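Worksheet for the structure shown next.
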Amino acid sequence: MSDDLKDFIREVPDFPKPGIGFKDITPLLRDAGAFSRSVAAIAKLCQDAEIEADVLACPEARGFIFGAALAGHLNLGFIPIRKPGKLPYETSAIEYALEYGSDRVEMHIDAVETGQRVLLVDDLLATGGTTRACVELIEKSGASVAACVFLVELTFLPGREVLEGYNVHSLIHY
């Protein structure tokens, strides 16, 4: 199935900067059948891996697309992890390094409970920086990460190494 879904992901050369081959998932999202199959395949991947989670969390923006659909599919609550200033209630935050500069992710302080197991979902694993920051944010809140699950993984980048020690799964590999 992942090979079939790969047909719906186009590569955009030199985006967002020269030398990058951006994996554009918008054709997959536009096709109802492909999108539905991708969510079902990710859910099956989670079930086959016997991932036990209490809630599902994901970073904005494209993580929300798969995370919300998957949360419904797996009957889990949904926790948004957002950029600074986007959540209305008191938040906990983690700042992390980017290639040039830094960024920050936030989550409501009451989003997870101590001891809960969180399934972390995003559309793509590349360098692992954002996911690692989300992992730290979840753990800072007293919960644990049951697994990190992605639609796409760029295996030529160090994302999996950055998440070493965590249960990492991905559906489509480049």
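The values are calculated or read from the model by the stated rules, or taken from the named source; none is laboratory data. Values in this document were obtained by computation on a predicted structure and should not be read as measured data. In this analysis, Cβ positions are derived from the backbone assuming ideal geometry, glycine residues included, and neighbour counts consider all displayed protein chains.
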* Structure fact -> Exception for residue 21 within (1) at pLDDT below 95; (2) within 17 Å of the chain's Cα centre (by Cα) falls at (2)
* For segment 1-24, indicate whether the set of residues that are in contact (Cβ under 8 Å) with a residue 40 or more places away in the chain, exposed (fewer than 14 other Cβ atoms within 10 Å of the Cβ) and either of a type outside the set (Phe, Trp, Tyr) or part of a loop (DSSP other than H, G, I, E, B) (or both) is non-empty. => yes
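Working only within segment 101-121, note down all residues that are aliphatic (A, V, I, L, M) and buried (at least 20 other Cβ atoms within 10 Å of the Cβ). Can you show your working first?
To start, the set of residues in segment 101-121 that are aliphatic (A, V, I, L, M) comprises 105, 107, 109, 111-112, 118-121.
Within segment 101-121, 105, 107, 111, 112, 118, 119, 120, 121 meet the criteria.
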* For segment 122-150, which residues satisfy the criterion of being farther than 20 Å from residue 95 by Cβ and either surrounded by fewer than 24 Cβ atoms within 10 Å (Cβ to Cβ) or aromatic (Phe, Trp, Tyr) (or both)? -> 123, 124, 144, 146, 147, 150
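Would you be able to say whether some residue in segment 71-90 is assigned to a strand (DSSP E or B) and either under 25 Å from residue 164 (Cβ atoms) or without any contact (Cβ under 8 Å) to a residue 12 or more places away in the chain (or both)? Full working, then the answer.
Here is the first cut: in segment 71-90, the ones assigned to a strand (DSSP E or B) are 77-82.
The next check asks that each one be either under 25 Å from residue 164 (Cβ atoms) or without any contact (Cβ under 8 Å) to a residue 12 or more places away in the chain (or both); those that pass are 79, 81.
Checking segment 71-90: at least one residue is assigned to a strand (DSSP E or B) and either under 25 Å from residue 164 (Cβ atoms) or without any contact (Cβ under 8 Å) to a residue 12 or more places away in the chain (or both).
Would you confirm, using the coordinates I've provided, whether residue 90 is surrounded by 15 or more Cβ atoms within 10 Å (Cβ to Cβ), modelled with pLDDT of 95 or more, farther than 22 Å from residue 22 by Cβ and charged (D, E, K, R)? Before the answer, list the steps.
On the way: surrounded by 15 or more Cβ atoms within 10 Å (Cβ to Cβ): no; modelled with pLDDT of 95 or more: yes; farther than 22 Å from residue 22 by Cβ: yes; charged (D, E, K, R): yes.
No, not satisfied.
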* Can you name the residue in segment 29-53 that is assigned to a helix (DSSP H, G or I), touching a helix residue (DSSP H, G or I) at 6+ places or on another chain (Cβ under 8 Å) and touching a residue at least 40 places away in the same chain (Cβ under 8 Å) and is also surrounded by the fewest Cβ atoms within 10 Å (Cβ to Cβ) among such residues? -> 41
